[in-house]
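We did not get these values from a lab; they are worked out from the coordinates using the rules stated. Worth saying up front: this structure is predicted, and the values here are computed from it rather than measured. Because the Cβ atoms are built from the backbone with ideal geometry, glycine has one as well, and the counts that use them run over all protein chains shown.
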Amino acid sequence: MAERVRQRGISICRPIVYGNTATVLTQEERNTLSSPDHTHRWTVAVRSAASAPDSDIVGGADDLSYFIKRVTFKLHETYPNPTRNMDKPPFEVTETGWGEFDIHIRITFVPESGEKAISFYHHLKLHPWTVTTEPEIPPLEEALKMGPVHSWQYDEIVFNDPFQSFLQTLLAHPPTPLPKTKRKPVPFHAANPGSLEASKGGVPEFTAAMEKEEAERLENAKQAVIAETDKWRNILIEKEKELEKLKRQLEL
């Protein structure tokens with residue numbers, strides 16, 4: 001029964017990435033489809049954050065099945081069987097289509113974890129990124145020359161107070177560390193427009209430096225919000241003082 005005792009005060013996380021890669025179909029490929037209006041082939045996935053050496057995909061160095069039982073992808077309702085349950089790695093779905101839409105992703109953990117499933121959304125990205133992030137759809141011939149479009153998000157799944165048995169499972173499968181420095185293009189993120197150029201030229205890879213930079217951006221944004229809040233609080237205090245002064249003058 002000791003295995004079902006939660007280890008209080010312990011938090012352990014597992015880094016993941018989720019997102020999609022999309023490529024433009026050639027006219028020959030489109031002619032072979034049952035839906036010839038489809039213009040792209042795309043893959044949406046949940047993977048470990050680190051990439052395997054010389055890999056041609058984003059992330060995926062580690063097998064996540066020791067803590068993930070199932071990943072459910074809910075596609076647009078126009079797809080046959082839009083709810084896709086993936087019960088073993090790779091946790092991904094490959095399809096063809098012509099439009100972008102939001103994909104609902106649900107991660108169900110292994111029963112021994114005692115953890116509730118988590119859900120989130122990913123916006124399927126088919127068209128090349130721009131600095132403004134406003135959609136600009138180039139002609140298919142031009143988009144084909146530009147290569148695959150990557151849209152990936154780094155995240156960490158945190159397990160607080162895990163059961164003893166599950167904690168041992170996690171400790172037995174340490175995640176592959178992210179590279180400390182940039183070896184490949186970096187994933188573009190709309191919150192960091194400056195990364196657009198650095199994202200070009202191949203399959204992107206998350207790095208420890210990116211994680212640090214993201215933490216710094218979040219901290220800077222937090223401090224900016226605090227400063228703005230303090231500014232408006234001081235303005236409000238001054239206005240209230242002026243109001244009280246006017247009230248006293250009217251009472252005379």
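The table that follows gives values for the structure above.
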read-out: Signed unit charges on C-beta, dipole axis of the chain, positive-most listed residue Gln249, His40, Ser119; value: Gln249
read-out: Packing rank of 29-37, 201-209, 13-21, where each peptide gets the mean count of other beta carbons within 10 Å, highest leading; value: 13-21, 201-209, 29-37
read-out: Footprinting exposure proxy for Trp232, Trp129, Trp98 (fewest neighbouring C-beta atoms within 10 Å first); value: Trp232, Trp98, Trp129
read-out: Neighbour cut-off at most 14 other Cβ (10 Å), DSSP loop, GluC sites (Glu not before Pro), region 65-168; value: Glu77, Glu136
read-out: Packing-based exposure ordering (other Cβ within 10 Å, fewest first) of Leu140, Leu124, Leu243; value: Leu243, Leu140, Leu124
read-out: Neighbour-count ranking [beta-carbon atoms within 10 angstrom, fewest first] of His150, His38, His104; value: His104, His38, His150
read-out: If the convex hull is drawn through the Cα atoms of the chain, its volume per residue in Å³; value: 219
read-out: Gain on full stretching of the segment that runs from Glu142 to Asn160 - 0.36 nm per residue minus C-alpha separation; value: 1.7 nm
read-out: Long-range HN-HN contacts of Ile103 with modeled amide H, under 5 Å; value: His122, His123, Leu124
read-out: Per DSSP, loop chymotrypsin sites (Phe, Trp or Tyr not before Pro) in region 41-94 with at most 11 further Cβ within 10 Å; value: none
